[in-house]
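A short write-up of the structure that comes next.
The values are calculated or read from the model by the stated rules, or taken from the named source; none is laboratory data. No experiment lies behind these values; they were computed from the predicted model shown. Note that we place each Cβ from the backbone using ideal geometry, even for glycine, and neighbour counts take in every protein chain shown. Only protein heavy atoms, including side chains, enter the accessible area calculation; ligands, DNA and RNA are left aside. Shrake-Rupley method; radii C 1.70, N 1.55, O 1.52, S 1.80 Å.
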Amino acid sequence: MRLLLDESVPARLRRHLPSHSVRTVVEMGWSGVKNGDLLRLAAASFDVFITVDKNLPYQQSLATLPLAVIVLDAQSNDLPALLPLVPKLETSLRNVQPRTYVLIEA
């Protein structure tokens, strides 16, 4: 699956998702792009957008975009806080559908 990590998600999280093609917003040259435009860009090349921004699903109409959004809800966005969510993330990735929002909580 093609995954895009938001700027707020540590790039090192990709090492814990080896069965997926993972890129970051920074690598794509999309740093600083606002959420609506960012999701439209992501929809052209990715299946899932992963963020820690819990407000994003309420700010954007996900039903119009052909990708899923997964929000990681942890104590912080530091890698050690996000790593316990990886098993739930992997399970969600196996079942996720386009145009959906998934919240993964610690």
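Among all positions in segment 41-52, there is at least one residue which is charged (D, E, K, R) and at pLDDT 90 or above. Note down all Cβ pairs under 9 Å where the first residue falls in segment 92-106 and is aliphatic (A, V, I, L, M), the second is outside any loop (DSSP other than H, G, I, E, B) and modelled with pLDDT under 90, and they're at least six residues apart or on different chains. Sorted first by the residue in segment 92-106, then by its partner, the pairs are LEU103/PRO57. When VAL33, VAL22, VAL71 are screened for being open to solvent by 10 Å² or more (accessible area, probe 1.4 Å) and touching a residue at least 12 places away in the same chain (Cβ under 8 Å), only VAL22 passes. Candidates in segment 1-40 are the residues that are part of a helix (DSSP H, G or I) and of a type in the set (Gly, Ala, Ser); of these, the one that is modelled with the highest pLDDT is ALA11.
So, of the residues in segment 41-67 that are of a type in the set (S, T, N, Q) and part of a helix (DSSP H, G or I), which turns out to be farthest from ARG12 (Cα to Cα)? Steps first, answer last, please.
Residues of segment 41-67 of a type in the set (S, T, N, Q): 45, 51, 55, 59-61, 64.
Now narrow it down to the ones that are part of a helix (DSSP H, G or I): 59, 64.
Numbers: GLN59: 27, THR64: 30 Å.
Among those residues, the one meeting the criterion is THR64.
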